[in-house]
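Working notes, beginning with the structure itself.
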Amino acid sequence: MPFLFLICCTGPAIAGPLLRKGWDNMKIAGIYFSGTGNTKYCVETFLRAFRESGPCCPLESPDAVQTISDHDVIVFGYPVYYSSLPTIVRDFIYQNAGVFHGKKVFLIATMGLFSGDGTGCAAKPLKKLGSDILGGLHVRMPDCIGDEKVLKKPLDQNRRIVREAAEKLREAAGRCRSGKPPQKGLGFLSYVAGLFGQRLWFFGKTKTYSDKVKIHADRCIGCGVCVKVCPMENLDLVGGKAATKNRCTLCYRCFSVCPKQAVTILGKTVYEQCRLEKYT
């Protein structure tokens with residue numbers, strides 16, 4: 001039976017025997033959605049600690065579905081927004097339901113501070129689609145929302161957060177190799193924490209794609225960098241300026257790469273462009 005290793009969480013009763021039996025012969029790959037590089041870093045770090053090689057593919061890549069289909073173990077990583085899945089991740093799961101059937105999955109959810117059941121958000125639909133969820137891991141990373149001042153941290157603190165995340169990922173890889181994968185975010189209490197901690201109050205934020213992207217025309221130089229990096233193809237150049245199509249998944253990728261800081265999303269001022277490279 002194929003084996004999918006997604007980072008999110010599930011049943012410890014079956015995980016141990018499955019992980020210990022024939023693990024070295026399984027084909028492993030990573031699938032991730034990453035706005036500013038946080039989740040990509042986590043999935044790649046985990047894979048390196050778990051095994052020396054294995055492909056790692058962004059969710060929006062044309063190769064993502066085939067990568068899942070071709071491998072036994074998939075590490076599926078994604079950020080958590082308001083204790084919910086990013087809309088692009090939820091759509092990917094349901095639009096490719098067939099490829100997940102019968103797969104074994106381990107989930108990794110990244111977050112700025114808190115999610116409650118970040119891994120459980122993907123585990124629930126995946127189990128309905130016939131996946132076996134082996135376990136999950138929550139990893140704190142630097143917050144990507146750079147236009148809200150209250151969320152900003154000093155550079156040295158963000159660098160420490162990344163170092164601690166790497167240690168946590170290596171430890172989790174070791175636990176998985178020994179047949180005892182982490183089960184973070186999968187239980188009922190985690191669900192309650194996620195529901196009442198954020199999701200219930202901010203349900204509308206991730207229910208559909210957002211129209212909150214703002215292009216500040218006085219700063220935009222029409223370079224097209226934001227257009228190239230948007231995973232939703234939500235941006236285009238119109239009359240020499242970037243323009244939005246109102247299908248933003250809130251990943252902050254365009255915000256973080258704009259050379260003139262001409263993009264804001266949830267806030268109105270650019271306080272920091274939060275690419276992971278600043279912290280590693």
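Quick look at the values:
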| item | result |
| --- | --- |
| Contour excess over end-to-end distance, with Cα ends at ASP63 and PHE114 and 0.36 nm allotted per residue | 15.2 nm |
| Principal axes of segment 20-92: Cα extent on each, largest first, Å | 37, 23, 19 |
| Degrees separating the helix 118-128 axis from the principal Cα axis of the chain, which is the longest one | 60 degrees |
| Sorted by Cβ neighbour density within 10 Å, fewest at the top, the residues ASP63, ASP147 | ASP63, ASP147 |
| Gyration tensor (Cα) of segment 124-280, equivalent ellipsoid semi-axes in angstrom | 33, 20, 15 |
| Scaled radius of gyration (Cα, divided by 2.2 N^0.38 Å) that the chain gives | 0.98 |
| Protection-proxy order for peptides 235-244, 112-121, 154-163, each taking the mean of Cβ atoms within 10 Å per residue, highest first | 112-121, 235-244, 154-163 |
| Note, ³J(HN,Hα) from phi for segment 93-103, Karplus 6.51, -1.76, 1.60, rounded to Hz, x at Gly and Pro | 4, 6, 6, 10, 4, x, 6, 8, 5, x, 7 |
| When each of LYS124/LYS168; LYS27/LYS127; LYS212/LYS268; LYS127/LYS207; LYS40/LYS278 is checked by Cα-Cα distance, pairs over 18 Å | LYS124/LYS168; LYS27/LYS127; LYS127/LYS207 |
| Estimated dipole of segment 202-280 in Debye, rounded to 20 [Cβ of Lys and Arg +1, of Asp and Glu -1, Cα centre] | 140 debye |
| Once the Cα gyration tensor of segment 209-273 is diagonalised, semi-axes √(5λ) in Å | 15, 14, 11 |
| Protection proxy ranking, peptides 168-179, 255-266, average beta carbon neighbours within 10 Å, highest first | 255-266, 168-179 |
| Leading residue at positive end of dipole, the chain (Cβ point charges), from SER83, TYR252, THR206 | SER83 |
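Every number in this text was worked out from the coordinates using simple rules, so none of it is lab data. All of these numbers come straight from a predicted model, not from anything done at the bench. FYI the Cβ positions are ideal-geometry reconstructions off the backbone, even for glycines, and counts take in every protein chain you see.
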